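Undergrad: The following block contains the structure, expressed as structure tokens.
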Amino acid sequence: MKTHNFWLQSLRSAFRWLLGGIVIIAAITLWVVDRPLAEPFPLSADAVLVVATESPTVEVSTQLADLLNTGAIPVAYLAGPNTEALVIELSRRGVSHDRLRILDDTDQLLSTAHTAGLRRLMIAAPFSHRLMFVRQAQTMGFAVAALDSGTAPTLSERVTAALLYWRMLLFWRAS
């Protein structure tokens, strides 16, 4: 009976340590997700990479149109399920279609920018994807800034950002 209690107590102790470790890792990850991105906001960039996974907001589409129309950013690479809606919105705001490069998948954004020889990028992405794309771009040697809508992220966006960040850390390799 003593060995049975010993193993049961050992399992409980191991489970507590595992649970405590998971809680600590989750807390650190959520803290990292909430930290501001290190790069200052530039007045210009070689291109803007737009991750169109959500419907375009008025703030972001206005900022993108202003940057593209003034020539501060010469070209925008767009990818994601809501790319068409964003292209329509940008066209409505006077952005020339020849400044927009539409890609099939968001995974092509950074590799296309790398192939084009760009050095300074601006990332326009929903909060849930922003950290992942900025860190990947920094790992590839780009100078990066993030375009922000100015709205506070929800808890679900923070959790999604944390999960995508861990996916990037575990499975993504710089090419």
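Undergrad: Is at least one residue of the range 81-99 more than 22 Å from S111 (Cα to Cα), touching a Lys or Arg at 6+ places or on another chain (Cβ under 9 Å) and among the charged types (D, E, K, R)?
TA: Within the range 81-99, not a single residue is more than 22 Å from S111 (Cα to Cα), touching a Lys or Arg at 6+ places or on another chain (Cβ under 9 Å) and among the charged types (D, E, K, R).
Undergrad: Exactly one condition in (1) hydrophobic (A, V, I, L, M, F, W, C); (2) surrounded by fewer than 17 Cβ atoms within 10 Å (Cβ to Cβ); (3) farther than 30 Å from D66 by Cβ is false for A152; which is it?
TA: Failed condition: (3).
Undergrad: Answer yes if at least one residue in the range 29-41 is in a loop (DSSP other than H, G, I, E, B), at pLDDT below 80 and either in contact with a Leu (Cβ under 7 Å, 6 or more places away or on another chain) or among the small types (G, A, S) (or both), and no otherwise. Working first, answer last.
TA: So the first thing to find is which residues in the range 29-41 are in a loop (DSSP other than H, G, I, E, B), and the list is 35-41.
Checking the rest, the ones that are also at pLDDT below 80 come to 35-41.
After this cut, where a residue has to be either in contact with a Leu (Cβ under 7 Å, 6 or more places away or on another chain) or among the small types (G, A, S) (or both) as well, the list is 38.
Checked the range 29-41: at least one residue is in a loop (DSSP other than H, G, I, E, B), at pLDDT below 80 and either in contact with a Leu (Cβ under 7 Å, 6 or more places away or on another chain) or among the small types (G, A, S) (or both).
Undergrad: Further question on the same structure: Out of the residues in the range 117-149 meeting the condition of being of a type in the set (V, I, T) and surrounded by 15 or more Cβ atoms within 10 Å (Cβ to Cβ), tell me which one is farthest from A65 (Cα to Cα). Can you show your working first?
TA: Initially, the range 117-149 is screened for residues of a type in the set (V, I, T), giving 123, 134, 139, 144.
Subsequent filtering for residues that are surrounded by 15 or more Cβ atoms within 10 Å (Cβ to Cβ) retains 123, 134, 144.
Details: I123: 14, V134: 21, V144: 19 Å.
My answer is V134.
Undergrad: Could you please find all residues in the range 63-121 being of a type in the set (D, E, K, R) and touching an Asp or Glu at 6+ places or on another chain (Cβ under 8 Å)?
TA: Hits for the range 63-121 are R119, R120.
Undergrad: Would you please list the contacts, defined by Cβ atoms under 9 Å and residues six or more apart or on different chains, that run from a residue in the range 3-26 that is closer than 27 Å to A162 by Cβ and in contact (Cβ under 8 Å) with a residue 40 or more places away in the chain to a residue that is surrounded by 10 or more Cβ atoms within 10 Å (Cβ to Cβ) and of a type outside the set (V, I, T)?
TA: A26/A162
Undergrad: Residues that are among the aromatic types (F, W, Y): find the helices (runs of 4 or more DSSP H) completely inside the range 64-175 holding 1 or more of those. Steps first, please.
TA: Values: elements: 83-92, 108-115, 127-139, 155-171.
Ranges flagged: 127-139, 155-171.
The values are calculated or read from the model by the stated rules, or taken from the named source; none is laboratory data. This is a predicted model, so every value here is computed, not measured. Neighbour counts are summed over all protein chains in view; Cβ atoms, including those assigned to glycine, are modelled from backbone coordinates with ideal geometry.
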